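K.L.:
Sharing a structure below in structure tokens format, with a few things to ask.
A short reminder: the numbers here are calculations on the coordinates, not readings from a lab. Keep in mind that what you see is a predicted model, and the values were worked out from it rather than measured. Cβ placement follows ideal geometry from the backbone for every residue including glycine, while neighbour counts extend to all protein chains displayed.
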Ligand code: SER
């Protein structure tokens with residue numbers, strides 16, 4: 001008999017790194033797909049590592065034949081800045097790749113007779129506020145407001161939330177003998193900050209880059225203005241949120257995609273706390289107009305009350321704790337090694 005496994009796509013990325021570590025055996029068998037090989041510290045934790053792309057349907061077919069996947073954490077994506085440089089590639093990976101995975105999950109569910117849980121990280125990039133005045137006036141934005149993304153990545157994420165909803169609710173419902181086999185659930189992550197890894201190609205990257213550069217004794221030019229404000233979250237809270245949503249009771253979920261936030265701070269406030277922790281830090285500003293425009297279109301804060309009410313989302317790290325108890329000590333340890 002095939003043993004149930006968890007499939008993590010994009011496992012070599014920032015969230016994947018945290019998720020593989022948290023989910024690792026003896027509890028669960030994990031298989032992974034990523035275009036990059038897994039970090040040497042993670043590879044022993046997984047049952048099988050597939051180096052390849054989610055756009056490769058042949059690869060997904062081989063996995064389908066060999067494994068009984070009962071949960072999918074679909075993390076693979078090109079992030080927002082990178083996607084602006086290669087929009088058609090971004091669409092191919094972010095949308096067609098997700099469609100491939102949803103179809104894969106549906107077929108898995110049909111073969112083993114139970115819905116496959118499909119956890120999808122959407123993003124604050126799903127929003128698009130028209131200008132800074134509106135951003136200031138809007139305050140905490142709820143899931144259904146301002147969903148007019150300005151970036152290819154944001155369009156991809158918003159659309160894939162809808163695709164997931166379709167697979168969970170309507171796909172194959174027209175024929176009598178086929179039912180939806182995908183239990184799709186999504187969060188809209190704010191900027192994520194990890195002490196262990198650096199993102200690549202995102203637009204909220206100025207926060208993690210600032211911290212890692214300071215810890216590493218490197219000068220850094222922040223690519224957005226000091227007043228630029230969006231919500232953030234420490235990576236352990238991000239991983240916990242995915243696991244909490246995965247174990248939530250389906251009947252309690254009132255939405256397809258949930259806002260999440262832990263703290264909302266300006267680039268200047270983040271710089272201040274980094275400089276206080278690393279007094280030799282050299283952090284200036286060199287605004288990149290395009291990236292600034294992207295962050296200006298994202299809300300200064302989001303209303304995450306639905307996630308709190310429906311599945312008990314409750315981040316451990318507020319701004320102070322994130323820095324004092326997670327980021328600074330963990331990063332210091334990392335660069336000391
Ligand atoms: N942090 C991501 C990015 O900047 C948003 O999901 O692209």
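K.L.:
Assuming 1.002 mPa s and 20 °C, estimate D for region 135-213 with Stokes-Einstein, Rh taken as the Kirkwood radius over Cα pairs, in µm²/s.
P.N.:
For these conditions, the coefficient is 136 µm²/s.
K.L.:
Semi-axes of the equivalent ellipsoid of region 50-146: what are they in whole Å, largest first, if each equals the square root of 5 times a C-alpha gyration tensor eigenvalue?
P.N.:
In descending order the semi-axes read 33, 18, 8 Å.
K.L.:
Same structure again: Sort 114-123, 132-141 by packing, meaning the average of other beta carbons within 10 Å per residue, with the highest value first.
P.N.:
Result, highest mean Cβ count within 10 Å first: 114-123, 132-141.
K.L.:
I would also like to ask the following. Run lengths n ≥ 4 of DSSP H only: what is the helix-derived mean residue ellipticity at 222 nm for the chain, with -39500 (n - 2.57) per run over all residues, to the nearest 500?
P.N.:
Helix-only estimate at 222 nm: -11000 deg cm²/dmol.
K.L.:
Hey, for a label at residue 335 modelled as a point 7 Å past Cα toward Cβ, could you say which residues of region 183-207 have their backbone N under 16 Å away?
P.N.:
194-199, 206-207
K.L.:
Here's something else I'd like to know. Restricting things to alpha carbons, find the Rg to Rh ratio for region 118-172 using the Kirkwood radius for Rh.
P.N.:
Rg divided by Rh gives 1.06.
K.L.:
Hey, another quick one. Simple spin-label model, 7 Å along Cα-to-Cβ: residue 290 to residue 147 in nm?
P.N.:
It is 2.8 nm.
K.L.:
Using the reciprocal of the averaged 1/r over all distinct C-alpha pairs, how large is the Kirkwood radius of region 1-106 in Å?
P.N.:
14.0
K.L.:
Where does each of 187, 57 land when they are ranked from fewest to most other beta-carbon atoms within 10 angstrom?
P.N.:
57, 187
K.L.:
Taking the chain as the reference, fit the longest principal axis to its C-alpha atoms, fit the long axis of helix 152-169 to the helix C-alpha atoms, and give the angle between the two in degrees, 0 to 90, nearest 10.
P.N.:
Helix 152-169 sits at roughly 30 degrees to that axis.
K.L.:
Can you give the convex hull volume of the alpha carbon atoms of region 267-337 per residue, in Å³?
P.N.:
Residue-normalised Cα hull volume stands at 141 Å³.
K.L.:
Moving on. Could you list 8, 328 so that the one with the fewest beta carbons within 10 Å of its beta carbon is first and the one with the most is last?
P.N.:
328, 8
K.L.:
Additional query: Principal axis extents for region 177-311, Cα atoms only, whole Å, descending order, please.
P.N.:
Its Cα atoms span 63, 28, 26 Å along the three principal axes.
K.L.:
Can you give the FRET efficiency for residue 254 and residue 62, using 1/(1 + (r/R0)^6), R0 = 45 Å, r = Cβ-Cβ distance, to the nearest 0.05?
P.N.:
Once rounded, the FRET efficiency stands at 0.75.
K.L.:
Here is a further query. Multiplying the sequence separation of residue 198 and residue 136 by 0.36 nm and subtracting their Cα-Cα distance, what value in nm do you get?
P.N.:
That pair, residue 198 and residue 136, stretches by 19.4 nm at full extension.
K.L.:
Using alpha carbon coordinates only, what is the Rg to Rh ratio of region 79-128, with Rh defined as the Kirkwood radius?
P.N.:
1.11
K.L.:
Sticking with this structure for a sec: Computed over the Cα atoms of the chain, what is the convex hull's projected area averaged over all directions, in nm²?
P.N.:
If you wrap the Cα atoms of the chain in a convex hull and average its projections, you get 17.0 nm².
K.L.:
Could you put 311, 298 in order, starting from the residue whose Cβ has the fewest other Cβ atoms within 10 Å?
P.N.:
By the 10 Å Cβ count, ascending, the order reads 311, 298.
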